[in-house]
Amino acid sequence: MSKTRRISYLTAAVSAIALAAAACGAPEDEDNSRGEVPEEAKDCANYEQFGSFDGETVTILGSIRDQEADEMMAAWKFFEDCTGVDIAYEGTGEFEADMKVRVDGGNAPDIALFPQPGLMSSFKDDLVPASEDVTALATEGWSEDWLNYGTIDGTLYAAPNSSNAKSFIWYSPTFFSENNYEVPTTWDDLIALSDTIAESGTTPWCAGFESGGATGWPGTDWIEDIVLRESTDTYDQWVAHEIPFNSPEIVSAFDKAGSVLLNEDYVFNGTDTISATAFQEAGWPILDGDCAFYRMASFYGAMWPEGTNVAEDGDVFAFQFPETNEGDNTMLVGGEFVAAFSDTDATEATRQYLASEVYHNARLQTGPWSTAHQGVDPNNATTPINVLATEILTNPDVTVRFDGSDLMPGEVGASSFWTGIVQWVDGDKDSQQVADDIEASWPQ
Amino acid sequence: MEISALIDRFGLLAIGLVAFAVILMALYGLAELASRRDRSRAVAFVFLAPAVLFLAVGLVYPAVRTVVMSFFNKDGSEFVGFDNYAWAVSDPDALQILLNTALWIVIVPMVSTALGLVYAVLIDGRRGERVYKALVFLPMGISFVGASIIWKFMYQYKGSGEQIGLLNQVMIWFGAEPVNWLNEHPGNNFLLMVVLVWIEVGFSTVVLSAALKGVPTEIVEAARIDGAKPSEIFWHVTVPSIRSAIVVVAVTVFIATLKLFDIVRAMTQGHHGTDVLAHNMVEQAFRLYNDGRGATMAVVLFLLVVPVVIYQVRNMRRQEQEAR
Amino acid sequence: MSTDVQTPEPVARIGETRGQRLRRVLSSRAASVVALVIAALWTIPTFGLFVSSFRPEDDIRTSGWWNFFADPGSFTLETYNYVLYSDSQGGGLIVNLVNTVVITIIGVVVPVAFAAMAAYALSWIEFRGRNLLYVGIFALQVVPLQMALIPLLAFFSKGLHIGDFTIMPAWQLDGVNTIVQVWVAHSIFGLPLAIFLLHNFMRELPGDVMEAARIDGASHSQIFRKVVLPLVTPALASIGIFQFLWVWNDFLVGRTFAPGEATRPLTAVLGDMAGTWGFGWTRLPAAGFIAIIVPLVVFLLLQRYFVRGLLAGSVKG
């Protein structure tokens, strides 16, 4: 036997043992975050309206994966059991590419969960508009702001699935009460408090924009939050490219963000570490009292280290990004839209179900989640932060705007805006230069 | 996993194998019939039909479609002439991509071949040669995706706390500051190339090492007795006698480099100035939904390989003449 | 490799002075060091992944794999257990592993068989346009696979029509059966290289053997089966290994033609996990190693065939 052979047999043997040992038992899922699914969601009587099917398959493609997908399917299970529809869900990390290939290749899924309304509208020709029933359910369930994002050329195509609130600043309630700080409600208060904290010897802000190939996106949310709070009209015009990206309002929004992000006295570890700090872990220093604020969406509640108490009176919690103009109440949001490529009865039933109150209420309890569906009880959400997010999202007085970078063309929203933010926060380019660059990259 | 899932899959496999066997037998039967009547064209037809049919559907038609698409706009609704090509040679981002690609296709084949050659010479006849070879050969068996995972862990950077990437740990051991490697342009390009070189050196070593064994020992001995230094022997005897093997290695690595997209996708997604042709083609066509530009990138890629194809054709002609 | 000649080093060579010998021994030492360094550099990355795959997830997140040796007690198979058998997302890869096996077997056998037939016709049957056809097939090697995805998928899902006339109806496969599409796609994409290599190999076969067989009255198909195939077995093996590596390691074809999590091959799932460096990345080492180990073993066991076929086939010119 040659040496190579011996080595490879050895490797094979070792790995066989490893696999065999691993086979000893399937792991048990530990999951404490689930609430009790409401009785009404388990009662098949509530699903009769959707009809009855004999094991017909509805394929759904979405960008939701891992545990979140498990939790979503747990909510669907009642619908499947009661109606006989068999939902085949596929979560992909390459949603845009997979959609393009499948739709152009004539193999579109029955339903797609679009995380970006802009992306959805590029498939307009292949989409099936919302039926009367779906439209009725959607109108009942969502505010006009939301329905606008599911509408293409005046026709409603899709109702939202999940919704998440992005204008949040994370902080430590304990740290605040120890120092008698109050949660700021205006931008000026926020800056004043930041100064106070800085003077007390703590760097007020944590920030991290690193996210692999998507590095920079947390910075785009900063700019969007600020523009939105200057004026919703400006925000809408900016996102639709009715005003250029380098118009003065936008450049000054960059400068305003810079008063925090480019301020050496404000940023933990120094501003030059922002673009290299992973956003998932960037807020963690709050727990050690190294910084006081971290701007990140509500889903960050699931990213704290194990054992962190995320609650209004706990280790960390979040408050709404402060307003610039008195009396405003705005929220930057994200979410998925349920669009269909097929008009079979089973698909239609599934669409109706996904737009129904019964689904949204049940889903709130199968795992950390938030929704903008008017009919739900926010207290059904499994974590305090999702209760807060759902409260804000279902409050008709809150003006919501979808994450702008998701609405801009991919060349900007998923490319030059990200790179621009990185160059800006690294200090390589100033606000004007970056805005000029991004404007130049806007497809004609 | 459930037994039914296993039965489904292996049942499908069994059906597939049986069906394929039936097809093969039918083809042989047809070929036999044609042979009896001594119609060599008919025989050639039967032998070639499956391959040609497959290629026509799966590659020829898509290639033609791609060329056509490159003259149309984003969604194929409007003829734009050479606009996309003008974009490819004038847009700063596109130029960066071309520059990166040029670096890749020069550096990767050169370094892979050279390193492979040096290593093959170093281990030639050494005790444990096979183990040496196997160790370097190992990455060849690893997918691009697997390799990217491995190297992402190597380059991993953390803004604070303990480093978990080996490269940054080494920096710390030497008293330097950790670096966010993949974000540092232009150095990140070379770090991505390292991954491909890491994969290809094994291939180059094994092929060249086998070629080295074919160099007649008498020539080397004769040169040695004539008093030639080892370096002279290497350059004037060894390299010329394995020239053709070197060319094959370089060309193979060249084509692999040009088509490379997985490593860039998994490691930087083309950000921070690391985009290359094949990756941008996919980016344009499948993420930005710009069919015209995606197709244009594909055609540029195709054009870059034309010289190699011409070289191969001339090679074939020459061999045919020699054979006569 | 059986051709290896193990020269015991260093032995005195005839006509060598002591100084020359010393220099040779020294440079041999230097060469040893360099070779060792290269071998180590090439092995460390994979080794690191291997070590990582046995560490608890929290350790992977917070410290480098080299710390494992300071605390070997943290060894765990939990991650393997999860990725292979868990019912949750990001787990249960055992199904995908089976998919990969099913895909790979036919994905290798079919293109190699068809390529062998085509290569025989291209090298030993006289017909007009033979060289042109061969060059065309060679050039197809460089058609980027990605550009073929949409047309091919449309071919499967819409069929082939000219006007109202249906040449081929849509395949309408679903579930596990979509693997058939993956077989066909892999067969197509593997053909150009296989034909190229086999053609080179077959042309080298001695013409008089063919001639003798023909004079004995053998037909083309008989010559192919009884004379050529046995002679090109090493090449078939080497191309088979090439195709095996390619199919096993493929990420794009599998995910495109076998959509659905239950039918995707292993590497496609892995590619998804690696593409977004978000949650669950600590499971990557274990998942990655499962995908790596099979081709590695196959490759190491069969590498001599691989090299032999490659050399005979392409190293010339």
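The figures follow:
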{"read-out": "Segments classed as helices (runs of 4 or more DSSP H), wholly inside the stretch A:189-284, with at least 2 members that are within 14 Å of chain B (Cβ to nearest Cβ)", "value": "A:217-230, A:279-282"}
{"read-out": "Contacts under 6 angstrom Cβ, first residue in the stretch A:90-107 being within 7 Å of chain C (Cβ to nearest Cβ) and farther than 21 Å from A:Asp70 by Cα, partner of a type in the set (A, V, I, L, M) and not in a loop (DSSP other than H, G, I, E, B), 6 or more apart", "value": "A:Val101/C:Leu149; A:Val101/C:Ile150; A:Asp104/C:Ile150; A:Gly105/C:Ile150; A:Gly105/C:Leu153; A:Gly105/C:Ala154; A:Gly106/C:Ala154; A:Asn107/C:Leu153"}
{"read-out": "The stretch A:385-444, subset of a type in the set (Gly, Ala, Ser) and under 17 Å from B:Gly273 (Cβ atoms), residue surrounded by the most Cβ atoms within 10 Å (Cβ to Cβ)", "value": "A:Gly420"}
{"read-out": "Hits in the stretch A:108-135 - residues which are in a helix (DSSP H, G or I) and either more than 14 Å from chain C (Cβ to nearest Cβ) or hydrophobic (A, V, I, L, M, F, W, C) (or both)", "value": "A:Pro117, A:Gly118, A:Leu119, A:Met120, A:Ser121, A:Lys124, A:Asp125, A:Glu132, A:Asp133, A:Val134, A:Thr135"}
{"read-out": "Pair list, Cβ < 7 Å and 6+ apart or interchain, from the stretch B:144-158 residues that are free of Cβ contacts under 8 Å to residues at least 60 places away in the same chain to residues that are among the β-branched types (Val, Ile, Thr)", "value": "B:Gly146/C:Ile292; B:Ile150/C:Thr46; B:Gln156/B:Ile164; B:Tyr157/B:Val179; B:Lys158/B:Ile164"}
{"read-out": "Residue list for the stretch B:50-82, restricted to those being within 14 Å of chain C (Cβ to nearest Cβ) and at positive phi", "value": "B:Gly76"}
{"read-out": "Selection from the stretch C:204-226 of residues that are part of a helix (DSSP H, G or I) and surrounded by fewer than 19 Cβ atoms within 10 Å (Cβ to Cβ)", "value": "C:Gly207, C:Asp208, C:Val209, C:Met210, C:Glu211, C:Ala212, C:Ala213, C:Arg214, C:Ile215, C:Gln222, C:Arg225, C:Lys226"}
{"read-out": "The lone exception for A:Asn380 - which of (1) modelled with pLDDT under 90; (2) farther than 23 Å from A:Ile223 by Cβ; (3) touching a Ser or Thr at 6+ places or on another chain (Cβ under 6 Å) it fails", "value": "(3)"}
{"read-out": "Filter pass, A:Val338 being in a strand (DSSP E or B), closer than 26 Å to A:Val398 by Cα and outside the structural domain of A:Pro184 (by TED's automatic domain parsing)", "value": "yes"}
{"read-out": "Flag for B:Asp93 being charged (D, E, K, R), more than 21 Å from C:Ala148 (Cα to Cα) and without any contact (Cβ under 8 Å) to a residue 60 or more places away in the chain", "value": "no"}
{"read-out": "In the stretch C:262-272, the residues that are surrounded by fewer than 24 Cβ atoms within 10 Å (Cβ to Cβ) and either without any contact (Cβ under 8 Å) to a residue 60 or more places away in the chain or assigned to a helix (DSSP H, G or I) (or both)", "value": "C:Asp272"}
{"read-out": "Residues located in the stretch A:230-275, provided they are over 20 Å from A:Met408 (Cα atoms), modelled with pLDDT under 95 and out of contact with any Phe, Trp or Tyr (no Cβ under 9 Å at 6 or more places or on another chain)", "value": "A:Glu264, A:Asp265, A:Asn269, A:Gly270, A:Thr271, A:Asp272, A:Thr273"}
{"read-out": "Yes/no for C:Gly91 being at pLDDT below 90 and over 30 Å from C:Met210 (Cβ atoms)", "value": "yes"}
{"read-out": "Residue check for C:Ser238: among the polar types (S, T, N, Q) and under 26 Å from B:Leu33 (Cβ atoms)", "value": "no"}
{"read-out": "In the stretch B:172-193, residue modelled with the lowest pLDDT [restricted to those that are buried (at least 20 other Cβ atoms within 10 Å of the Cβ) and within 22 Å of B:Lys259 (Cβ to Cβ)]", "value": "B:Leu182"}
{"read-out": "Test: residue in the stretch A:404-413 that is under 25 Å from A:Asn325 (Cβ atoms), of a type outside the set (Phe, Trp, Tyr) and touching a Lys or Arg at 6+ places or on another chain (Cβ under 8 Å)", "value": "no"}
{"read-out": "Flag if A:Ala435 is under 29 Å from A:Arg65 (Cβ atoms) and not aromatic (Phe, Trp, Tyr)", "value": "no"}
{"read-out": "Any chance B:Asp291 is buried (at least 22 other Cβ atoms within 10 Å of the Cβ) and either modelled with pLDDT under 85 or polar (S, T, N, Q) (or both)", "value": "no"}
{"read-out": "Tabulated pairs, the stretch B:251-263, first closer than 16 Å to B:Leu208 by Cβ, second of a type in the set (D, E, K, R) and surrounded by 21 or more Cβ atoms within 10 Å (Cβ to Cβ), C-beta under 6 angstrom, 6+ apart or interchain", "value": "B:Val253/B:Glu200"}
{"read-out": "Single match in C:Gly190, C:Gly163 (criterion: in contact with a Pro (Cβ under 8 Å, 6 or more places away or on another chain) and in the same structural domain as C:Arg255 (by TED's automatic domain parsing))", "value": "C:Gly190"}
{"read-out": "Test for A:Gln374: is it assigned to a helix (DSSP H, G or I) and surrounded by fewer than 24 Cβ atoms within 10 Å (Cβ to Cβ)", "value": "no"}
{"read-out": "Selection count, the stretch C:145-179, where residues are within 14 Å of chain A (Cβ to nearest Cβ) and out of contact with any strand residue (DSSP E or B) (no Cβ under 7 Å at 6 or more places or on another chain)", "value": "24"}
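Residue by residue, here is whether (1) within 22 Å of A:Trp369 (Cβ to Cβ); (2) assigned by TED's automatic domain parsing to the domain that holds A:Ala253 holds:
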{"residue": "A:Gly118", "(1), (2)": "no, no"}
{"residue": "A:Ser122", "(1), (2)": "no, no"}
{"residue": "A:Leu137", "(1), (2)": "yes, no"}
{"residue": "A:Trp142", "(1), (2)": "yes, no"}
{"residue": "A:Gly150", "(1), (2)": "yes, no"}
{"residue": "A:Thr155", "(1), (2)": "no, no"}
{"residue": "A:Ile191", "(1), (2)": "no, yes"}
{"residue": "A:Glu210", "(1), (2)": "no, yes"}
{"residue": "A:Trp217", "(1), (2)": "yes, yes"}
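Listed here are the residues, each with its yes/no results for (1) part of a helix (DSSP H, G or I); (2) aliphatic (A, V, I, L, M); (3) at pLDDT 85 or above; (4) out of contact with any Lys or Arg (no Cβ under 7 Å at 6 or more places or on another chain).
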position	(1), (2), (3), (4)
C:Pro230	yes, no, yes, yes
C:Ser238	yes, no, no, no
C:Gln243	yes, no, yes, yes
C:Gly254	yes, no, yes, no
C:Pro259	no, no, no, no
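The values are calculated or read from the model by the stated rules, or taken from the named source; none is laboratory data. Keep in mind that this is a model prediction, so the values were computed, not measured. Quick reminder, even Gly has a Cβ in these numbers, built from the backbone with ideal geometry, and neighbours come from all protein chains shown.
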